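Data block below; observations after.
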Amino acid sequence: MKEVKIESQLIVYNNVDELPDNIASLMEKAKEARLRAYAPYSKFLVGAAILLDNGEVVTGNNQENASYPSGLCAERTAIYYAGSKYPDAKILSMALTAGSQEQSNSTPIPPCGACRQSIAEYEVKQDEPIEIYFMGTTGKVVKSHSLANLLPLGFDRSFL
Ligand code: THU
């Protein structure tokens, strides 16, 4: 037997001012989307903005439902919209911001497991990495150079 070590590498920015200009503006669009989230049950607002290689930006936010499992996370709302509207475009970057409606939060909040799986599908499809930037509502921003870096041992089409 042998032991296998899997590592993830992340970059931590102290605040949005340290981001490249195009990513700072993408994060701003994610923040605007967060404020439009429909989250009357959790009151936890999440915004996502996706930059495509055709220059378009697609945004999304969480959409909740009285039948709780019928709701959808911001990341999937955004990426499925991008996939449906621009099926041939490649996704370059995704900016995410999340936090309670009631107070600001400086802990970077990564995408949930189901969203990682959904984003991974598009990364495998386009065979080029999708950069992920995530933050709370203020403060530090974490960058992952790819989705695979956030989802070790992922399940994908190669197993089918
Ligand atoms: N949520 C997201 O939009 N993205 C995530 O990655 C985690 C959770 C939403 C789902 C629900 O509307 C609320 O946040 C609380 O879980």
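The values are calculated or read from the model by the stated rules, or taken from the named source; none is laboratory data. The shown structure was predicted, so the numbers you read here are calculated from the model rather than taken from an experiment. Positions of Cβ are generated from backbone atoms using ideal geometry, with glycine treated the same way; all protein chains shown enter the neighbour counts. Just the protein is used for accessible areas: all its heavy atoms, side chains included, with ligands, DNA and RNA removed. Shrake-Rupley method; radii C 1.70, N 1.55, O 1.52, S 1.80 Å.
General remarks:
- Restricting the range 43-56 to residues that are within 13 Å of A98 (Cα to Cα) and open to solvent by 60 Å² or more (accessible area, probe 1.4 Å) leaves a set whose member that is farthest from the ligand (Cβ to nearest atom) is K43.
- Within the range 1-14, the set of residues being of a type outside the set (G, A, S) and either surrounded by fewer than 18 Cβ atoms within 10 Å (Cβ to Cβ) or within 16 Å of the ligand (Cβ to nearest atom) (or both) comprises M1, K2, E3, V4, K5, I6, E7, Q9, L10, I11, V12, N14.
- Scanning the range 88-97 for residues that are away from the ligand (no atom under 14 Å from the Cβ) and either open to solvent by less than 70 Å² (accessible area, probe 1.4 Å) or among the aliphatic types (A, V, I, L, M) (or both) gives A89, K90, I91, L92, S93.
- Some residue of the range 57-66 being within 11 Å of the ligand (Cβ to nearest atom), touching a residue at least 40 places away in the same chain (Cβ under 8 Å) and small (G, A, S): no
To keep it simple, each residue is scored yes or no on (1) touching a residue at least 40 places away in the same chain (Cβ under 8 Å); (2) closer than 22 Å to E7 by Cβ.
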| residue | (1), (2) |
| --- | --- |
| I119 | yes, yes |
| E123 | no, yes |
| I130 | no, yes |
| Y133 | yes, yes |
| K140 | yes, yes |
| A148 | no, yes |
| L153 | yes, yes |
| D156 | no, yes |
| F159 | no, no |
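- Within the range 15-42, tally of residues that are within 15 Å of S106 (Cα to Cα), within 16 Å of the ligand (Cβ to nearest atom) and surrounded by fewer than 16 Cβ atoms within 10 Å (Cβ to Cβ): 0
- Among the residues of the range 67-81, none qualifies, meaning not one is more than 15 Å from the ligand (Cβ to nearest atom), acidic (D, E) and either in contact (Cβ under 8 Å) with a residue 12 or more places away in the chain or out of contact with any helix residue (DSSP H, G or I) (no Cβ under 9 Å at 6 or more places or on another chain) (or both).
- Qualifying residues in the range 98-126 (those that are assigned to a helix (DSSP H, G or I) and open to solvent by 60 Å² or more (accessible area, probe 1.4 Å)) - the one farthest from the ligand (Cβ to nearest atom): K125
- Unmet requirement for S84, which otherwise passes all of (1) crowded, with 16+ Cβ neighbours inside 10 Å; (2) more than 13 Å from the ligand (Cβ to nearest atom): (1)
- Contact map, the range 27-52: residues that are closer than 16 Å to I79 by Cβ and without any contact (Cβ under 8 Å) to a residue 60 or more places away in the chain paired with residues that are open to solvent by less than 10 Å² (accessible area, probe 1.4 Å) and of a type in the set (S, T, Y), Cβ distance under 7 Å, separation 6+ or inter-chain. Pairs shown: G47/T97; L51/S93.
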